[in-house]
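K.L.:
Supplied in structure tokens, the structure appears directly below.
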Amino acid sequence: MTKFPNPVDYAVPAFVALVFIEMLVVRRAFRERYEARDTLTSLAMGLGSTIAGGLTAGLILLMSGWLNAHRIADIPYVWWAWIACFVLDDFNYYIFHRSAHRIRWFWASHVNHHSSQHYNLSTALRQTWTGFIAVSFVFRLWPLLLGFPVPMLLLCGGINLIYQFWIHTEVIGRCPRWFEAVMNTPSHHRVHHAVNPRYLDKNYAGVFMVWDKFFGSFASERDDEQIRYGLVKQLGSWNLLWNVFHEWAGILRDLWTAPWRAKLMYLVGPPGWSHDGSRETSDMILRRWEERETWRTAKNMTSSSSVEDRAEVLPPDGSAKAANTASA
């Protein structure tokens, strides 16, 4: 079987070097973009994720080999197959990523990546230790049944992961419009990591932003609202193990205390779902925010109209301006 080196293994030293370069770039003007304990937590989570991946790599390869043995066709190593494999793998990543935000079981593993309240290149290294437990790999391996070779699929997945490193930064603003229209960029991914209500559950893309635009999950970064990062309910802890396992602990606690009729939803329902309505999902938060914004807009329009109506009955001289200002 053809073998290719794992591109991520070669990229890791570059990742670490770029993190330190970014730290130097932002040190003077934007020192708050890096926090020592946060960065150390991210690096430790990245190291742990690498170890966890190494421990489960053999099982992943065994499953990959089994799926490939039951393939319905033989796809050769030709240029069009590489393109098809990369695009299909990126689409599968979009499906996985969207599921990881909408289904609590997958979120328990993916939440690790969103736990930082800072957004810099070290955040990209904040990866899960429990992806194998969550069986997240099922989203990416099924193309082997179509006949894509195992090494081709694994290499495309590695390149996809490498691409996503550079978009975790605030140093880069917006890219050229033609690039932003098709590709995932730092601006698009900042939206994804935001906890601002308008940005929740947006921009799931890995490489190609077209998936979000096609499936209605796209949002542009706005200049009139500062992005806040992290989780809707911040952890407030630097404890490494709590960062990694807190959501799994939450699931176990809910399964233990919830009535039988609600237990399954605590696994497959959206994060924040509760049987008694004591918590909020992202949809609920967004709906409440939209209602508040609609109310504010209506109130401002009413206030503005009232001022204009009162101004019309005033005499057209300097006293009108004074009265209008006083009323506002």
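The values are calculated or read from the model by the stated rules, or taken from the named source; none is laboratory data. Keep in mind that what you see is a predicted model, and the values were worked out from it rather than measured. Because the Cβ atoms are built from the backbone with ideal geometry, glycine has one as well, and the counts that use them run over all protein chains shown. Accessible surface areas use protein heavy atoms only, side chains included; no ligands, DNA or RNA. Shrake-Rupley method; radii C 1.70, N 1.55, O 1.52, S 1.80 Å.
K.L.:
Projected onto the charge dipole of the chain (+1 at Lys/Arg Cβ, -1 at Asp/Glu Cβ, origin at the Cα centre), which of ALA84, GLN234, LEU264 gives the Cα projection farthest towards the positive end?
P.N.:
Positive-end residue among those listed: LEU264.
K.L.:
To the nearest 20 debye, what is the magnitude of the charge dipole of the chain about its Cα centre, counting +1 on the Cβ of each Lys and Arg and -1 on the Cβ of each Asp and Glu? Let's see the in-between values first.
P.N.:
Details: 32 positive and 28 negative charges, 111 e Å.
My answer is approximately 540 debye.
K.L.:
Above 19 Å lies some portion of the pair distances; for the range 1-90, what is it as a whole percent of all C-alpha pairs? It would help to have the intermediate numbers written out before the result.
P.N.:
Details: 2500 of 4005 pairs.
I get 62 percent for the Cα pairs in the range 1-90 exceeding 19 Å.
K.L.:
Rounded to the nearest percent, how much of the accessible area of the range 1-75 (1.4 Å probe, protein heavy atoms only) is carbon and sulfur?
P.N.:
Details: 3570 of 5200 Å².
Answer for the range 1-75 is 69 percent, counting heavy atoms of protein chains only.
K.L.:
What value, in deg cm²/dmol to 500, does the helix sum -39500 (n - 2.57) over DSSP H runs of n ≥ 4 give at 222 nm once divided by the residues of the chain? Walk me through the numbers on the way to the answer.
P.N.:
Values: 14 runs with 190 residues, N = 328.
Counting only the DSSP helices, I get -18500 deg cm²/dmol.
K.L.:
Find the accessible area per residue for the chain; the probe is 1.4 Å, ligands and nucleic acids are left out, and the unit is Å². Don't skip to the answer; put the middle values down first.
P.N.:
Details: 18150 Å² over 328 residues.
For the chain, the per-residue accessible area is 55 Å².
K.L.:
For the chain, list the DSSP H helices whose alpha carbon atoms reach 15 Å or more along the long axis and whose average Kyte-Doolittle value is 0.5 or above? All intermediate terms of the calculation are to be shown ahead of the outcome.
P.N.:
Values: long enough: 7-26 (28 Å, 1.94); 36-69 (48 Å, 0.95); 79-102 (35 Å, 0.05); 150-163 (20 Å, 1.83); 240-257 (26 Å, 0.36); 282-312 (45 Å, -1.37).
Both cut-offs are met by 7-26, 36-69, 150-163.
K.L.:
Then there's this: Taking the radius of gyration and the Kirkwood hydrodynamic radius from Cα positions alone, what is the Rg/Rh ratio for the range 21-139, to two decimal places? Intermediate values should be presented prior to the final figure.
P.N.:
On the way: Rg = 18.0 Å, Rh = 16.8 Å.
Result for the range 21-139 is an Rg/Rh of 1.07.
K.L.:
I've got another one for you. I'm checking a number: the convex hull volume of the Cα atoms of the range 79-159, normalised per residue, in Å³. What is it? Mind showing how you got there, number by number?
P.N.:
Values: hull volume 8.6 nm³, N = 81.
Output value, Cα hull per residue: 106 Å³.
K.L.:
Taking 8 Å as the Cα distance limit and 6 or more residues as the minimum spacing, I'd like the relative contact order of the chain as a percentage. If you can, show how the numbers build up before the last one.
P.N.:
Details: 395 pairs, mean separation 65.5, N = 328.
In percent, rounded to a whole number, it is 20.
K.L.:
Another one. Could you state the per residue volume, in Å³, of the convex hull enclosing the Cα atoms of the range 168-310?
P.N.:
Numbers: hull volume 27.1 nm³, N = 143.
For the range 168-310, the hull spanned by Cα atoms encloses 190 Å³ per residue.
K.L.:
When only the heavy atoms of the protein chains count and the probe is 1.4 Å, how do CYS156, CYS175 rank by accessible area, highest first? Spell out each step's value before the answer.
P.N.:
On the way: CYS156 5, CYS175 30 Å².
From most accessible down to least: CYS175, CYS156.
K.L.:
Between the range 189-232 and the range 244-262, what's the alpha-carbon centroid distance in Å?
P.N.:
Spelled out, the Cα-based centre of one part sits 28 Å from the other.
K.L.:
Next up: Which semi-axis lengths, in whole Å and largest first, follow from the square roots of five times the eigenvalues of the Cα gyration tensor of the range 98-255? Numbers along the way, then the final one.
P.N.:
Details: eigenvalues 114, 109, 41 Å².
Here the semi-axes work out to 24, 23, 14 Å.
K.L.:
Along its principal axes, what span do the Cα atoms of the chain show, with the longest given first and each in whole Å?
P.N.:
90, 52, 43
K.L.:
Taking the alpha carbon gyration tensor of the range 114-174, what are the square roots of 5 times its eigenvalues, largest first, to the nearest whole Å? Numbers along the way, then the final one.
P.N.:
Details: eigenvalues 154, 51, 12 Å².
The three semi-axes for the range 114-174 are 28, 16, 8 Å.
K.L.:
Further question: Want the number for TRP238 to ASP223: 0.36 nm per residue separation, take away the alpha-carbon distance, what's left? List each step's numbers first, then the result.
P.N.:
Values: separation 15, 0.36 × 15 = 5.40 nm, distance 3.06 nm.
In short, 2.3 nm is gained.
K.L.:
Related question: Using only alpha carbon pairs under 8 Å that are at least six residues apart, calculate the relative contact order of the range 218-302 and give it in whole percent.
P.N.:
On the way: 24 pairs, mean separation 9.6, N = 85.
Relative contact order comes out at 11 percent.
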